[in-house]
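Have a look at the structure below, then the notes.
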Amino acid sequence: MDAKVNGNVSFWYADIGGLPAYRAPLPGDIEADVCIVGAGYTGLWTAYYLKKADPSIRIAIVEREFAGFGASGRNGGWLSGGFSWSREKYLKTSTRGAVIDMETAMHGTVDEVIAVTEAEGIDADIRRVDNLTVATNKPQLQRIKAAYEDAIGWNVPRDRIAMIGQEEARARINIKNVLGAFIHHGTARVQPAKLVRGLAVTVERLGVPIYEQTEVTGIEKGRVTTNRGTVRAPIIIRATEGFTAGIPGNERLWLALNSAQIITEPLPQSLWDEIGWEGHELLGDAAHAYCYAQRTREGRITMGGRGVPYRYGSKTDVRGQTQQATIESLHAILTSRLPQTAGLRIDHAWCGVLGVPRDWCTTAGLDPQTGIGWAGGYVGLGVSSSNLSGRTLRDLILRRDTELTRLPWVNRQVSKWEPEPMRWLGVHSMYQLYRMADEREEGGLQHTSKLAGIADRITGH
């Protein structure tokens, strides 16, 4: 199965008329109070909340490509109010109450993002929906039930989560072999490029310049060097997520994990009648090499997954182009879950990178000695996490002691990833084991494959 378009950053830009024109680059050496490296969600949210809190603060954003070029303009459109994390990992360096507070704060990002888009006139196709994690075999069903019980044990309100059985799950989305689903209420679907482009315009309107076509070549105390000049600032925020490894000195900080998507042609109403999906839910599964999907505004289906998960040396893609094998793999996942889609054309395929810390736990922080701050390591759920990052960094920069700055992800320090070729071998071994585990479970294994546990131990997932 070929895609009509492969790359060109993402479908989300084709959906809004194509790639944007570049803003002007850095005009030479300048000074600022805060320099933000990266014009994606993290950098833009940080600038937005800072400027709202203190209109006099001088902020400069530098961006190698254009605002929204990275994951912010390529993601799956899940405003999930959560992030990929282990409560127990955060608990090792914090308290149970603080971990619960963090989860509550993250859930609140859905309402916060929607409130800002409404206040600032940003049209991002936001629609409040449920998030369904479906199970299509017995081990998957055991895992989602365990996840539900774990959430209850961590005081997640029962009005935010639910378990449904086979019939109710099938009535929502007619997925082949579905046995049940774990539901998160209070989530939303977004059009990622519309959101990031709207944020960029809003930040500019507040008086924050975004210097595009400006490649950062070094970050040190008080100074950001670029191919266009130097920005001197006492506070520097690294908001580069999956592209962090490309900055000298950060090669082993966060691993650049690849994720890819395909999108179908618009479905006729007769096909939607077969599939259902009337609630426009965010859709994922409980496989180890999981997938993620949404029903878009104009009635297409996106399907995402890992494909080729990692390029040697944390290298990134070329403007979103992905491998043919990845396109075929994602198409196979789509048609195995929804056989009704087998005859549909694939209009676009693309990929991007996301940042993965060594312990797979998201962080935000600011070093008071160097003035260098950061946020990221979102492990694929940055639409929500980046908003909380922006508000947290605002408080850290303004030296406010708030509920946000006391959350356990703030200033969390983790080990670096191993040098190559260990990183490449570890990540590819992990996903190969995940695929083997999924095959065994689909083949009739009655419990979670031990291969998945081995995969988790290899990389600390």
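The values are calculated or read from the model by the stated rules, or taken from the named source; none is laboratory data. All values derive from a computational prediction rather than experimental measurement. Cβ atoms come from the backbone with ideal geometry, glycine included; neighbour counts cover every protein chain shown. Surface areas here come from the heavy atoms of the whole protein model, side chains and all, with no ligands, DNA or RNA. Shrake-Rupley method; radii C 1.70, N 1.55, O 1.52, S 1.80 Å.
Quick notes on this one:
- Over all distinct Cα-Cα pairs of region 35-171, the Kirkwood formula returns a hydrodynamic radius of 18.1 Å.
- Reduced Cα scattering model of region 90-201, Debye log10 I(q)/I(0), q = 0.10, 0.15, 0.19, 0.24 Å⁻¹: -0.41, -0.83, -1.03, -1.18
- Working from Cα pairs under 8 Å separated by at least six residues, relative contact order for the chain is 25 percent.
- Share of carbon and sulfur in the accessible heavy-atom surface of the chain [1.4 Å probe, %]: 50 percent
- Signed unit charges on C-beta, dipole axis of the chain, positive-most listed residue M106, Q213, V414: V414
- Base-10 log of normalised Debye intensity for region 263-333 (one unit scatterer per alpha-carbon) at q = 0.11, 0.13, 0.22 Å⁻¹: -0.35, -0.47, -1.07
- Per residue, the convex hull volume that the Cα atoms of region 293-444 enclose (Å³): 177 Å³
- As a length-normalised measure over Cα pairs under 8 Å and 6 or more apart, the relative contact order of region 297-439 settles at 24 percent.
- Between region 125-191 and region 419-451, the Cα center-to-center distance that results, in Å: 24 Å
- 28 Å Cα-Cα threshold exceeded, pairs from K315/K450; K4/K416; K4/K194: K315/K450; K4/K416
- Compactness of the chain was expressed as the Cα radius of gyration divided by 2.2 N^0.38 Å, which yields 0.94.
- Highest mean packing first, where packing is the average number of other Cβ atoms within 10 Å per residue, the peptides 151-163, 301-313 line up as 301-313, 151-163.
- Region 210-265 versus region 347-363: alpha-carbon centroid distance in Å: 14 Å
- Net charge dipole size for the chain [Lys, Arg +1 and Asp, Glu -1 on Cβ; Debye, nearest 20]: 760 debye
- Counting heavy atoms of the protein chains alone, Y292 has an accessible area of about 40 Å² for a 1.4 Å probe.
- Projected over all directions and averaged, the alpha-carbon convex hull of region 123-255 occupies 12.8 nm².
- For region 382-461: relative contact order, % (alpha-carbon pairs under 8 angstrom, 6 or more apart): 21 percent
- Phi-derived couplings, Karplus 6.51 cos²θ - 1.76 cosθ + 1.60 at θ = phi - 60°, listed residue by residue for region 333-350: 5, 4, 6, 6, 7, 10, x, 4, 8, 4, x, 6, 6, 9, 7, 7, 9, 7 Hz, with x used for Gly and Pro.
- In whole angstrom, region 313-372 maps to an equivalent ellipsoid with semi-axes of 37, 15, 10, each derived as √(5λ) from the alpha carbon gyration tensor and ordered largest first.
- Residue-normalised accessible area of region 191-346, expressed per residue, 1.4 Å probe, Å²: 36 Å²
- In this label model, Q142 and S415 are separated by 2.9 nm, measuring between points 7 Å along each Cα→Cβ vector.
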